[in-house]
Every structure is written in C-alpha cells, then in structure tokens.
Amino acid sequence: MRALAIIPARLASTRLSRKVLREIAGRPMLAHVVEAARRCPQLSDVIVATDSDEVLSVCKQHGWRAEMTSSSHRSGTDRVWEVAQRIPADVYVNLQGDEPLARPEHISALLAPMQEARAMVSTVKTPCSTADAHNPNAVKVVTDLAGRALYFTRATVPFDRDNTGSVKRFKHLGFYGYRREALEKFCSWPESELERAERLEQLRFLDHGIEIHVAETPYDTVGVDTEEDLKRVEEILKRS
C-alpha cells in the first residue's frame, strides 16, 4: 500500500498570523509536523502543500518536498485533493501544518484500518479529559462497536444522564486517511447542513453515507490556533 502524507500549510491564517512558520522550541511549527511524518515507516513520501512562496522557500531550505497549490481553496482537504490529482497513491494522509505535537504513531494508527478493513476514510481518537469534555473547541467522537464513527460534535457526548461517572468519552484528533475515491467525492459535494452547524467538515462524509473508521491512540495533541495554544505546545515540548 502506497501511503502519501500531504501537509496543507497556508501562511495567511486568520486567527494566528503566519502560524505554520512561527517558532516553537527553536524551529518553525511546520518542521515539527514534517519531521514527525517522515519518521512514520508506513509512509512512502511526505509533501507540504502550500500557496505561499515563503513556505515553499522554507521547505526548499530544509530539503522537504513541497507543491504549490491554489490560493482559492476553502479547506486543507481541497488542497490535499489538488496534490492527489498530480501524484498517485493508494492512501492520502491529511496532516495539518498546525499540529506540532503530531507523532508517527498517530499516522500508523489511522493507516491500520486502511490495511485491515479497506476503509475509505480513517481518523483517530484519544481518551477525553474532563476539561475537554466540556470544551467546544475539543471535538468529541462517538463510534459503534466496530470502531466506525456515529457522530462528531463539539457538544459533551455521550450524555451521562444518571451521573454514573463511568461514561467514556473520546476526543477526535484531526488526522485523516483517504482513499482517492472518497477524497474526490468529498471535494465535489457542497457543504452539508450538519457540517455548517458544527463547523466540522468530516460530517460531510457521514451525511453522504461514507463510513469513517476511527482508530484509538493514547497520544493527545494540541492544534495551534492562538498565541495561548502556541505557548502551551512550547511548554509541553520543553517537558518532553
């Protein structure tokens, strides 16, 4: 199975300016993501997909493979699809450039369903802390007994009606594996109603009946959207 990681890296982020090139522990944020992906033995290649000449230049300086993509894409998934149309693979891994705590284990986990179950789409979850359970910025996922996603939401689910304290909750981590067919379909469909309500694009797959296989990992991450996130990640890396 040829698996290719594509890292969407848009420089013109709105909430945190130039975030993929912001330094964390002395290196650009993007470096942490690229190097984690390159340590995953199941990947055939790692490609940064950007619309920025500056990001492209940084990639060349570090010897990372990069592709220039359109500046008109609505999402990182659309950027992944543009690269996928040029470079063949069996599975495309979408690894966001603002996930500096990404690990090769995350990628190995989401690739497992692709090998074992011939899944069309896969992603990962991790046990949810009490704080994240009530945090709308931490996305929760509920799966069936076979590990397929039933729903993704910013709400606190499952709801512990009887206050038993034994309900298991899982946080969704934004790493994805796609078959080409699923990726192509996703990018051809309009935004769905549930996706628009939750601001979670993966719901577009569920709305159209595409199963998402969810693998479990013990390794949590912190996606960087704010200065506070940046500081939190830096502290985590200093302790590791």
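Considering (1) exposed (fewer than 15 other Cβ atoms within 10 Å of the Cβ); (2) free of Cβ contacts under 8 Å to residues at least 60 places away in the same chain; (3) part of a loop (DSSP other than H, G, I, E, B); (4) not charged (D, E, K, R), the lone condition that P88 does not fulfil carries the number (2).
Exactly one residue out of A112, A131 is among the hydrophobic types (A, V, I, L, M, F, W, C), in the same structural domain as E181 (by TED's automatic domain parsing) and surrounded by fewer than 22 Cβ atoms within 10 Å (Cβ to Cβ): that is A131.
In the set E195, E181, E191, only one residue is loosely packed, with under 15 Cβ neighbours inside 10 Å, of a type in the set (D, E) and either in contact with a helix residue (DSSP H, G or I) (Cβ under 8 Å, 6 or more places away or on another chain) or free of Cβ contacts under 8 Å to residues at least 12 places away in the same chain (or both); that residue is E191. Between V55, V20, V34, the distinction of being over 19 Å from the mean Cα position of the chain (by Cα) and either aliphatic (A, V, I, L, M) or within 14 Å of Q96 (Cα to Cα) (or both) belongs to V55 only. Residues that are among the hydroxyl-bearing types (S, T, Y) and part of a loop (DSSP other than H, G, I, E, B) were ranked within the range 137-173; the one that is surrounded by the most Cβ atoms within 10 Å (Cβ to Cβ) is T156.
The values are calculated or read from the model by the stated rules, or taken from the named source; none is laboratory data. Keep in mind that this is a model prediction, so the values were computed, not measured. Ideal geometry is used to build each Cβ from the backbone, glycine not excepted, and the neighbour counts take in all protein chains shown.
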